[in-house]
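Report on the structure given below.
The values are calculated or read from the model by the stated rules, or taken from the named source; none is laboratory data. Small disclaimer: the values here were computed from a predicted structure and weren't measured. Virtual Cβ from ideal backbone geometry, glycine too; neighbours counted across all protein chains shown.
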């Protein structure tokens, strides 16, 4: 077995630091400087390879024993937050030393309803994760891969031609080198909007060649088919500024979009108005402003339900209820 070096211990610490929920720019710059040393870069490559095996080794007793020993050895004199951080690094170093790694969730990020998060990834790329979204990050020496299982995210990709940046959903994958784009997975559809640069969009279930998008283009993939259309990328991604912009959007779709940010949603009970196009800009999560505008412009009535939801109805429906 290879003798463990100081670089291996440092690589273990970097894996832990880069796997936290928020990473400062100073940390990223320090990591890049540390990895300029060939010995360090090789140690980090070995650490990443071990992480890649973690899914296959979840139940391995050696891993569980290493984690338990590291937990028992962790210092007790610090505050609870410091103890957890130190214990985590110790556990990581112990499992790396044993040749195995298992830590569920270190590379998985999610947001609750109405929450947004900005993440700085280890390669310098930035991700803005929208409401009720979830993604998994997996970087290797030859590829940077993101799995978006639900919701949407805006990606600002750091240029690295040798390590393609790939975002995948259940029915599509998006490949970029250095660009800005959005991927959305809601319901049974994946949508990709390109702001700058270029991306290739491939369908998971189709053998056709990937489609190359240009700025202000969108690819919508549903049920094995892909449709490219022209969009205003700034409008499509206005959620990154905390706003939802509707341009000739059917009321039913606007309500669905607002509800993604609400724990007490809007119930649309006005069939005749469901497909009426609306225009406007609203703060995400501002239910009162949206309901007031819809009621005023479309002649609807807002009824607050006992559970906190708001129902939009026509006056005639309300009289029957």
task: Take residue 273 and decide whether it is in contact with a helix residue (DSSP H, G or I) (Cβ under 6 Å, 6 or more places away or on another chain) and farther than 25 Å from residue 115 by Cα.
output: yes
- line: When every residue in the stretch 232-252 that is in contact (Cβ under 8 Å) with a residue 40 or more places away in the chain and in contact with a helix residue (DSSP H, G or I) (Cβ under 7 Å, 6 or more places away or on another chain) is compared, the one nearest to residue 282 (Cα to Cα) is 244
- line: Taking the stretch 153-170 and keeping residues under 20 Å from residue 260 (Cβ atoms) and either at pLDDT 95 or above or crowded, with 18+ Cβ neighbours inside 10 Å (or both) leaves 153, 154, 155, 167, 169
- prompt: Are any of the residues in the stretch 253-263 surrounded by fewer than 13 Cβ atoms within 10 Å (Cβ to Cβ), touching a residue at least 24 places away in the same chain (Cβ under 8 Å) and within 23 Å of the chain's Cα centre (by Cα)?
  reply: yes
message: With touching a helix residue (DSSP H, G or I) at 6+ places or on another chain (Cβ under 9 Å) and loosely packed, with under 14 Cβ neighbours inside 10 Å as the only criterion, which of 299, 285 stands out?
response: 299
Qualifying positions in the stretch 139-152 - touching a strand residue (DSSP E or B) at 6+ places or on another chain (Cβ under 9 Å) and either in a loop (DSSP other than H, G, I, E, B) or at pLDDT below 90 (or both): 143
